[in-house]
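Below is one structure, written out as structure tokens; comments come after it.
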Amino acid sequence: VAERLINTLSEPYNLGGYTIYSSASIGIVTSEHPVSSASEMLSNADLAMYEAKAEKLDRPVVFDRVLREKAQRRLYVENELRDVLSRNELTLFYQPIIDLETEELRGVEALIRWFHPVGGMIPPDEFISVAEEMDMIIPIGNFVIDEACRQLADWRNRLGEHAPENMHVNVSRKQLEHPTLISVVEQALQKYDLPAGCVHLEVTESMIMHDREASIATLNGLKKLGVKLDVDDFGTGYSSLSCLCDFPIDALKLDREFVKKSDRDREVTLIHALIILAEKLGLEVIAEGIENTEQLALLQDLGCCLGQGYYFSRPVSGKDLEGRLCS
């Protein structure tokens, strides 16, 4: 019945001279999961419906206990996230970015981690999307920028030549669209007396294409500060070459899917072409997701200069990374 409803509701219709296309998301609850009230049954059906909607499924979703646990977990994360900054539960881990020719550390990418005193480590893919929906991503993103700059300045002051050359920081779409981003970065640089060229801000293709003109203005403003701009997950968006032409970019980060599939001829050809293109445009190339010696050897042969991945190191705490830097 639900499938017939979806098929019927997906048929186009005419409204005011326009052809309109619509779709439906359907959630189903059955007696397999007994409930104590009608409202609880409707709530369960609602959860299933939103799951179908969120996953963009063209089929109905039947409620099960996994959905209930998922909803309860999300509510828990949402409630705990409200005061996460005041409780000082967020910290940064760092993944080394390596010179593929010498295998020496060149920089690090800052990656946020949430250590809850009761719930333990809550992974970023579980709370970042919730933070974006709650508009918590702006203060959290500002914390990441400030803490990453503080850590790099501290390493530079104490470790000298052993410190990483640069710090890579991810920026969310909402941060990029927020009018305070440039001032937040500028204040962090001034606060820690950090050379702007040491900081790389990473954005994705889809992010900067969401509002093209606004993105160009913001990125140009950041470039005036002297920071570097990287396109993360390059090659997965719908306008890669347009990005290279129109945005003030310094580096490309090849998406890990290219490296993962580098045992196939087409991917190898594509990686090689992107490396040559970047070289002609004066851009650095950083390969993500390097996991074994075969991938490393291939990227070296293709002329890729920089890379990161589990082959070299998982993300580690600042203390652990410092121990490696000094050893």
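Annotations for the structure displayed:
- Among (1) 33, 60, 7; (2) 26, 50, 22, 1; (3) 38, 60, 2, the entry that matches P(r) over Cα pairs in 20 Å bins from 0, in percent as calculated here: (2)
- Aspartates and glutamates with Cα under 18 Å of LYS280, excluding same-chain neighbours fewer than 8 positions away: ASP230, ASP246, ASP250, ASP301
- Degrees, to the nearest 10: 293-302 long Cα axis against longest axis of the chain: 70 degrees
- When the chain is treated as a Gaussian network with alpha carbon springs shorter than 10 Å, the biggest mean-square fluctuation among PRO117, PRO179, PRO164 belongs to PRO117.
- Gaussian network model of the chain, Cα within-10 Å springs - most flexible of THR293, THR91, THR19: THR19
- Using C-alpha pairs under 8 Å with a sequence gap of at least 6, the mean separation divided by the residue count of the chain gives a relative contact order of 13 percent.
- The range 193-232, relative contact order [Cα under 8 Å, separation at least 6], %: 64 percent
- Taking every DSSP helix (H) stretch of at least 4 residues in the chain, weighting each as -39,500 (n - 2.57) and dividing the sum by the residue count yields a mean residue ellipticity at 222 nm of -14500 deg cm²/dmol.
- Annotation for the range 166-181 versus the range 242-256: alpha-carbon center distance of 16 Å.
- Tilt relative to the chain, helix 137-159 - C-alpha long axis, 0 to 90 degrees, to 10: 20 degrees
- Between 0 and 90°, nearest 10: helix 265-280 axis offset from the chain longest Cα axis: 50 degrees
- Among the trypsin sites (Lys or Arg not before Pro) found in the range 26-88, those both in a DSSP coil and sparsely packed, with 12 or fewer other Cβ atoms within 10 Å of their Cβ, are LYS56, ARG82, ARG87.
- Extending 7 Å from Cα along the Cβ direction at LYS53 and again at LYS191 yields two label points whose distance is 3.8 nm.
- Model label points for THR269 and PHE115, set 7 angstrom from Cα along the Cα-to-Cβ axis, are 4.9 nm apart.
- Exposed loop sites here are chymotrypsin sites (Phe, Trp or Tyr not before Pro) assigned a DSSP state other than H, G, I, E or B and surrounded by at most 12 other beta carbons within 10 Å; excluding them, the longest clear run of the chain is 22-237.
- In the range 254-327, GluC sites (Glu not before Pro) in a DSSP loop with at most 14 other beta-carbon atoms within 10 Å: GLU291
- Working from label points 7 Å from Cα in the Cα-to-Cβ sense, the GLN300 to HIS210 distance is 4.0 nm.
- Measuring nothing but how far apart in sequence close Cα pairs (under 8 Å, 6+ apart) lie, relative to its length, the range 200-307 scores a relative contact order of 23 percent.
- Share of carbon and sulfur in the accessible area of the chain stands at 51%, probe radius 1.4 Å.
- Of the GluC sites (Glu not before Pro) found in the range 48-104, those that fall in a DSSP loop while having at most 12 other beta-carbon atoms within 10 Å are GLU55, GLU101, GLU103, GLU104.
The values are calculated or read from the model by the stated rules, or taken from the named source; none is laboratory data. Nothing here was measured: the structure is a model prediction, and the numbers come from that model. Here Cβ is always computed from backbone atoms with ideal geometry, including for glycine, and neighbour counts include all displayed protein chains. The protein model used for the area step is the full one, side chains on, heavy atoms only, and it has no ligands, DNA or RNA in it. Shrake-Rupley method; radii C 1.70, N 1.55, O 1.52, S 1.80 Å.
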